[in-house]
Amino acid sequence: MTLLHDAPTVPTQFPARRTWVRRIHGGGQRVETCPEWCTDHHRNDTSGHLDDLQHGAHFDGPLLPVFDAEQGTVPMPILAGRLSVDPYSSDPRRNRPHVHLEPYADEVMECLTPSELATIIGQLRAHCDQLDDVLGRLVEARAEAGGA
Ligand SMILES: [Zn+2]
């Protein structure tokens with residue numbers, strides 16, 4: 001779960017667990033409490049349907065300079081995402097903490113369980129090993145071509 005260590009930390013001005021009263025559409029109110037890892041501001045969560053509530057923490061991914069015909073390159077984030085839980089969802093994939101992983105911009109792998117995320121991390125590590133091999137071959141190929 002090393003990605004979680006890269007997640008933004010909870011700002012120190014907030015207590016570790018935030019609590020507020022939320023009016024529920026259709027009647028009633030509830031006292032909501034954030035899990036310790038939630039960094040959402042919840043400014044728009046003072047009222048709503050019971051199952052509208054979501055807690056979460058965004059994590060960034062590296063920006064890669066991707067070719068762009070007009071600008072040369074543009075920074076493209078990869079492997080960003082969000083640790084999330086929808087505490088009142090009837091969907092068992094959403095009402096337990098899960099990860100939404102964005103392999104690249106505007107694409108998402110929803111509701112990853114720990115084992116699903118671990119599988120993806122393993123695939124990425126294996127691919128980085130493969131990229132190390134490609135790097136070695138690139139260096140050799142350039143040396144053979146007489147360049148650095
Ligand atoms: Zn929260």
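Side notes on the structure shown:
- Some residue of segment 39-59 being farther than 30 Å from ARG23 by Cβ, under 20 Å from the mean Cα position of the chain (by Cα) and outside any helix (DSSP H, G or I): yes
- In segment 60-88, residue nearest to the chain's Cα centre (by Cα) [restricted to those that are assigned to a strand (DSSP E or B) and within 16 Å of the ligand (Cβ to nearest atom)]: ARG82
- Among residues of segment 43-77 being exposed (fewer than 13 other Cβ atoms within 10 Å of the Cβ) and of a type in the set (Gly, Ala, Ser), the one that is nearest to GLY27 (Cα to Cα) is SER47.
- Per-region count, segment 109-129, residues loosely packed, with under 13 Cβ neighbours inside 10 Å, hydrophobic (A, V, I, L, M, F, W, C) and within 14 Å of LEU83 (Cβ to Cβ): 0
- Exactly one residue among SER84, SER47, SER89 is out of contact with any strand residue (DSSP E or B) (no Cβ under 6 Å at 6 or more places or on another chain), in contact (Cβ under 8 Å) with a residue 12 or more places away in the chain and of a type in the set (Gly, Ala, Ser), and that residue is SER89.
- Filter result (touching a Phe, Trp or Tyr at 6+ places or on another chain (Cβ under 9 Å) and within 22 Å of ASP91 (Cα to Cα)) within segment 32-55: GLU32, THR33, CYS34, HIS42, ASP45, HIS49, LEU50, ASP51, ASP52, LEU53, HIS55
- Residue in segment 74-89 that is in contact with a Ser or Thr (Cβ under 6 Å, 6 or more places away or on another chain) and within 17 Å of THR113 (Cβ to Cβ) present: no
- Of SER84, SER90, all but one fail to be surrounded by fewer than 15 Cβ atoms within 10 Å (Cβ to Cβ), modelled with pLDDT of 95 or more and polar (S, T, N, Q); the exception is SER90.
- Residue within segment 17-27 that is of a type in the set (A, V, I, L, M, F, W, C), within 12 Å of the ligand (Cβ to nearest atom), farther than 27 Å from VAL108 by Cα and in contact (Cβ under 8 Å) with a residue 12 or more places away in the chain present: yes
The values are calculated or read from the model by the stated rules, or taken from the named source; none is laboratory data. In this text, all values refer to a predicted model and were calculated from it rather than measured experimentally. Positions of Cβ are backbone-derived with ideal geometry, glycine not excepted, and every protein chain shown enters the neighbour counts.
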